[in-house]
Structures are given as C-alpha cells and as structure tokens.
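Notes follow once the structure below has been shown.
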Amino acid sequence: MFDGGMTMTFNTTVNCPPVLGNLSKNRSQCRTRPTPSIAVQMYSSLLQTDESGNLPESKKLSGSCSAIFKCQAQNSLLSQANTVGIIGGVSVLSTLIFLEKLVCWSSRNGEECVPFVVCSDPALDEGLISQGSIHSSSGEIAQKEGNHEPIVENLRNKRVFLEQSGARCIVTPCHISHAWHDEISEGCSLPFFHVGECVARELKEAKLKPLDAGSTVRIGVLATYETIGAGFYQEKLQKQGFEVVLPDKGTMEHILIPAIESLNRRDMEGARNLLRVAIQVLLISAVNVVILASDELQNLLPREDPLVKKCIDPMDALARSTIKWAKSAKKVHKKT
C-alpha cells in the first residue's frame with residue numbers, strides 16, 4: 001500500500017521457499033530489499049533454441065519431445081491453476097530481482113509461494129539492450145523504428161513455450177519488452193499483464209490529490225529513450241486520468257545520460273547526485289510521484305534518501321498484480 005510519502009511499503013519479515021518441481025515448505029530468510037540470492041533456487045528445464053528463439057526441428061513439440069511435455073504437465077508445479085509464466089527481462093539480474101519479489105511477497109505469513117516457470121534467454125538480451133539503452137546517438141527520444149520483428153517473434157515464441165509448459169498467466173519483468181506487448185500477446189488466451197496498466201491502476205487506487213489547485217494529478221516518468229518513445233506508460237497513465245510529465249531533452253542529455261555514464265564508471269556518488277537532480281526537475285513540475293522505469297536507475301539511491309519516498313518501481317506493481325491474480329486463481333480452483 002502507499003504510505004504518506006507515496007512509497008510502496010511491505011512487511012519486512014518474509015520467507016522464501018526454494019523452488020524445485022513442487023515448492024518446498026522449508027524456507028530461508030529473505031532480505032527486506034529484494035536482491036538476487038540463493039534464497040531463490042530454481043529448477044530449470046533446458047531446451048535449446050536457435051537464434052530466432054524457435055525450437056530446432058529435432059526439438060519441436062512432437063514425438064518424444066511431446067511426451068516430455070506430457071510428463072511435465074503431470075508435475076504439480078506445472079499443472080497448478082495459478083502457475084505464472086515469466087518471460088525473462090533485459091538481463092538475468094532484473095529477472096532474478098522480480099522472481100525474488102514474487103517469491104518473498106507471495107509467501108509471507110507462512111503461505112506457499114506462487115508457482116512459476118521461467119524462460120530466460122541471454123541471447124535475446126543483446127537485442128533488447130540495444131533497443132532499451134538510455135543513450136541515443138541523435139539525442140532525440142527514440143521512436144518505434146527499424147525492424148523489431150525478430151525480437152517480437154522471439155518473445156512470442158517464448159510466450160507460447162510458457163503456455164505449453166503449464167503457465168496460466170504471463171508476465172515479463174522488462175520495460176522495453178512492453179513496447180511490443182500487443183504483438184507478443186497476439187493470440188494468447190491467458191491473462192498477459194502489462195506493467196503500465198498495473199502501475200497506473202495502483203496509482204488510481206491510491207486516490208492521489210493534485211499538488212496544484214485546479215490541476216490534475218501529475219505523474220513523472222524517468223526512463224530510457226526507447227521506453228519513453230514507445231509511449232505505453234504515458235498511454236496507460238493518461239487512461240486513468242493522470243497528467244504525465246517527462247524529462248525534457250536537456251534533462252536527458254545533461255543529467256540522466258551522464259548519470260548512467262557515471263554508474264558505468266562506478267562513480268556511484270556522481271550517479272546518485274545526477275539522479276537526484278533529474279528527480280528534482282520533475283518534482284518542481286508538481287508531480288506526485290516519479291516512476292523510475294529503468295533497471296539502471298533502481299536501487300541507486302540509498303533507502304533513507306527522502307527522494308526515494310517520491311519514487312516507485314513499476315515492477316513492484318507488476319509483482320503485486322501477479323500475486324493477487326495467482327491467489328485468486330487458486331481460490332477459484334479450490335472451489336471448483
């Protein structure tokens with residue numbers, strides 16, 4: 001829920017069960033701030049794909065491979081009515097962070113963790129990273145240009161793979177992948193959560209009040225050129241009645257990009273100070289909250305920094321929406 005500072009708060013004592021086929025009830029302590037760790041132990045079924053993300057002819061879902069999937073479907077993890085299918089994000093790190101949130105937050109108070117199956121392909125990362133970089137050679141906000149079909153086809157194949165693996169809903173903890181959410185979800189009969197819709201809905205439910213009399217509630221967005229250019233955060237927020245405030249060209253070129261460059265040089269203090277300035281620029285425009293829609297910007301500021309209370313990670317909203325769906329689906333399945 002939102003506290004007075006517009007930050008999402010959570011129980012600080014939660015437990016993480018390991019994931020091995022079915023979920024064990026043995027639990028190990030989780031950290032308050034989710035970071036990748038051995039607390040999340042994953043059982044992985046390895047199927048190699050070609051460069052386009054397709055299964056090679058010898059491994060397509062026919063013959064012996066079909067039998068493998070039939071066998072897997074009998075596993076209690078893959079046959080549960082609330083199994084979550086996760087398409088990996090730009091990096092394995094961002095996927096692990098999302099997984100730990102999913103595991104920790106769904107298993108608090110001794111509850112069983114939400115079952116999930118993950119499809120993470122490091123070969124896809126290079127293409128997504130090139131699309132989602134904060135840097136832009138032209139200095140302009142990138143638009144949906146170029147041939148994205150190979151990336152879309154790859155992500156769509158992974159979605160189908162998850163469906164065939166027993167998933168009952170699909171999520172992807174990746175900002176840039178949502179630029180093609182409609183294309184990836186085409187033909188999908190399962191719920192396929194959109195991170196923009198999740199965060200916009202939570203902000204609407206928080207019943208925020210405008211900071212300027214007579215105006216609408218303003219929401220700031222700090223993101224990569226490609227994510228901003230894709231426009232899905234703006235669209236979903238505006239549908240909920242919010243006014244969206246984006247960083248201008250000067251802020252991107254002289255503040256945000258230098259912040260990432262400092263981060264890459266491991267100049268953490270320089271990166272933090274520049275990020276603080278970027279956030280302050282949006283806050284001056286009377287925004288209620290700033291969405292940090294970039295993995296590079298997450299966890300950069302220390303937790304005690306006052307500006308953290310004015311920022312949210314949209315992947316938190318995606319995790320909460322996924323958990324809410326999974327628990328509801330489990331209850332419905334028990335009743336039937």
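The values are calculated or read from the model by the stated rules, or taken from the named source; none is laboratory data. Bear in mind that the values here come from a model prediction, so they are computed numbers and not experimental data. Every residue, glycine among them, receives a Cβ derived from its backbone with ideal geometry; neighbour counts consider all protein chains shown. In case anyone asks, the SASA skips ligands and DNA or RNA and just uses the protein heavy atoms, side chains included. Shrake-Rupley method; radii C 1.70, N 1.55, O 1.52, S 1.80 Å.
Fully extending the segment from ASN109 to ASP267, taken as 0.36 nm per residue of separation minus the present Cα-Cα distance, adds 52.9 nm. Residue pairs exceeding 27 angstrom between C-alpha atoms, taken from LYS101/LYS309; LYS236/LYS324; LYS101/LYS249; LYS249/LYS324: LYS101/LYS249; LYS249/LYS324. Amide H to amide H distances under 5 Å link CYS311 with VAL290, where only residues 5 or more positions off or on other chains count and H is placed in the peptide plane.
Note on LYS324: accessible area approximately 150 square angstrom, rounded to 10, probe 1.4 Å, nucleic acids and ligands left out. What the phi angles of segment 84-93 give under the Karplus curve with 6.51, -1.76 and 1.60, with θ = phi - 60°, is a coupling list of 9, x, 10, 8, x, x, 4, 10, 4, 4 Hz, glycine and proline written as x. Contact order, relative form, for segment 199-313: 30 percent (alpha carbon pairs under 8 Å, 6 or more residues apart, mean separation divided by residue count). Model label points for SER215 and GLN238, set 7 angstrom from Cα along the Cα-to-Cβ axis, are 1.8 nm apart.
Taking every Cα-Cα distance in segment 199-313 and sorting them into 10 Å bins starting at zero, the pair-distance distribution P(r) comes out as 14, 48, 31, 7, 0 percent. Residue by residue, segment 234-241 carries 3J(HN,Hα) couplings of 4, 4, 5, 5, 5, 4, 8, x Hz when phi is fed to the Karplus relation 6.51 cos²θ - 1.76 cosθ + 1.60 (θ = phi - 60°); x denotes Gly or Pro. Here ALA123 and ALA81 are evaluated by their C-beta separation; at R0 = 45 Å the FRET efficiency comes out at 0.90.
Between GLN298 and LYS335, the FRET efficiency estimated from the beta carbon spacing at R0 = 45 angstrom works out to 0.75. Close amide H partners of VAL117, meaning residues 5 or more places away or on another chain with modelled amide H under 5 Å apart, are VAL84, GLY85, ILE86.
Taking amide H positions as modeled 1.01 Å from N, with prolines and chain starts lacking one, the residues under 5 Å from VAL244 and 5 or more places away or on another chain are ILE219. Against the criterion of solvent-accessible heavy-atom surface with a 1.4 angstrom probe, SER107, SER328 sort, most first, into SER328, SER107. On a per residue basis, segment 199-313 carries 45 Å² of accessible surface, using protein heavy atoms and a 1.4 Å probe. In segment 197-265, a dipole from Cβ-located charges (positive for Lys and Arg, negative for Asp and Glu) runs towards its positive end, and of GLY229, PRO247, PRO210 it is PRO210 whose Cα lies farthest in that direction. Given their separation in residues at 0.36 nm each and the Cα-Cα distance between them, LEU93 and GLU153 gain 19.3 nm when the chain is fully extended.
Here segment 199-313 is assigned +1 on the Cβ of each Lys and Arg and -1 on the Cβ of each Asp and Glu. Its dipole about the Cα centre then comes out at about 400 debye.
Among the trypsin sites (Lys or Arg not before Pro) within segment 258-292, those in coil by DSSP and having at most 11 neighbouring Cβ atoms inside 10 Å are ARG265, ARG266.
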